[in-house]
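S.K.: Can you keep this structure in mind? I'll have questions shortly.
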């Protein structure tokens, strides 16, 4: 395990390349996100996924959300759903681009992520990257978006709160200090004719405001 302490919001070029090489080699990286510390691995790599699920002791029947850059999301999922047609995907990105979100959207027909961790044809939870670090590490391959704790355990806002067994199971530990937010991202199902909030969290008010102007107010949980 190699620990990288970075004082800024992003890695040096050399450290970035080392971490990207580790991700490409099916390794797991512990890193701060916009909400809590998370486990990053390539979501299209079954070996990497097995390592993440093993570290978390998470049932393989429970899919994970994935991180993706905003400009690559439409290569993974359908962003032309009925509830997004009124104002459009571009307006959604522009308005909510800095928010902590989990967007549940239908996969594109050719999207294939490893089973049993994902089931073909089922909606996918997308976490748009909003921090410089995540934008550095997310390229054209989605990364796992899951908190760095055991299944049903408490997430950590700093390295001090991460279980040592999880820390030791990661190739890189990226210590950026406390995360800016402690609440989870707001999760919203965008598959149907109206958005549906399925988990309260950061920036929920911004999501509600966006759809209130679209005349497609989110349905209650």
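Read-outs throughout are calculated quantities, based only on the coordinates presented, and are distinct from any laboratory measurement. These numbers come from a predicted model, not from an experiment. Cβ coordinates were reconstructed from backbone atoms using ideal geometry, including for glycine residues, and neighbour counts include every protein chain displayed.
S.K.: Could you work out the Kirkwood radius for the stretch 109-221, taking every pair of different alpha carbons, averaging 1/r and inverting it, reported in Å?
M.R.: Computed over the stretch 109-221, the radius equals 16.8 Å.
S.K.: Can you say what percent of the DSSP beta bridges in the chain, counting only those with both residues inside, are antiparallel? Round to 5.
M.R.: Around 55 percent of the beta bridges assigned by DSSP in the chain are antiparallel ones.
S.K.: While we're on this one: Counting alpha carbon pairs within less than 8 Å and at least 6 residues apart, what relative contact order, in whole percent, applies to the chain?
M.R.: The normalised contact order for the chain reaches 32 percent.
S.K.: Would you mind checking the tilt of helix 13-24 against the longest principal axis of the Cα atoms of the chain, expressed as 0 to 90 degrees and rounded to 10?
M.R.: Its long axis makes an angle of about 80 degrees.
S.K.: Using only alpha-carbon positions, what ratio does the radius of gyration of the stretch 2-212 give when scaled by 2.2 N^0.38 Å?
M.R.: 0.97
S.K.: Evaluate the Debye formula for the stretch 40-89 with equal point scatterers sitting on the alpha carbons, no solvent, and hand back log10 of I(q)/I(0) at q = 0.17, 0.22 Å⁻¹, in q order, two decimals.
M.R.: The Debye formula, applied to the Cα set alone, gives -0.66, -0.84.
S.K.: If I fit a long axis through the Cα atoms of helix 46-56 and take the longest principal axis of the Cα atoms of the chain, what angle between them do I get, 0 to 90°, rounded to 10?
M.R.: The answer is roughly 80 degrees.
S.K.: Of 26, 193, 141, which is the most mobile in a GNM of the chain whose springs link Cα atoms less than 10 angstrom apart?
M.R.: 193
S.K.: Compute the Kirkwood hydrodynamic radius of the stretch 1-73, taking the inverse of the mean of 1/r over all pairs of distinct Cα atoms, and give it in Å to one decimal.
M.R.: Kirkwood radius, the stretch 1-73: 13.6 Å.
S.K.: When the chain is treated as a GNM, springs tying every alpha-carbon pair under 10 Å, which of 104, 173, 112 comes out with the largest mean-square fluctuation?
M.R.: 112
S.K.: Moving on to the next point. Ranked highest first by the average count of other Cβ atoms within 10 Å around their residues, in what order do 80-92, 30-42, 144-156 fall?
M.R.: 30-42, 144-156, 80-92
S.K.: Cut-off 10 angstrom, C-alpha nodes, Gaussian network model of the chain. Which of 12, 100, 68 fluctuates the most?
M.R.: Of the options given, 12 has the highest mean-square fluctuation.
S.K.: Would you compute, from DSSP H runs of 4+ residues alone, the mean residue ellipticity of the chain at 222 nm, taking -39500 (n - 2.57) per run and dividing by the full residue count, rounded to the nearest 500?
M.R.: One gets -6500 deg cm²/dmol as the mean residue ellipticity at 222 nm.
S.K.: Tell me, what is the percent relative contact order of the stretch 89-171, built from C-alpha pairs under 8 Å that lie six or more residues apart?
M.R.: About 21 percent, as a whole number.
S.K.: Where Rh is the Kirkwood radius over the Cα pairs of the stretch 85-153, the temperature 20 °C and the viscosity 1.002 mPa s, what D in µm²/s does Stokes-Einstein return?
M.R.: Result for D is 151 µm²/s.
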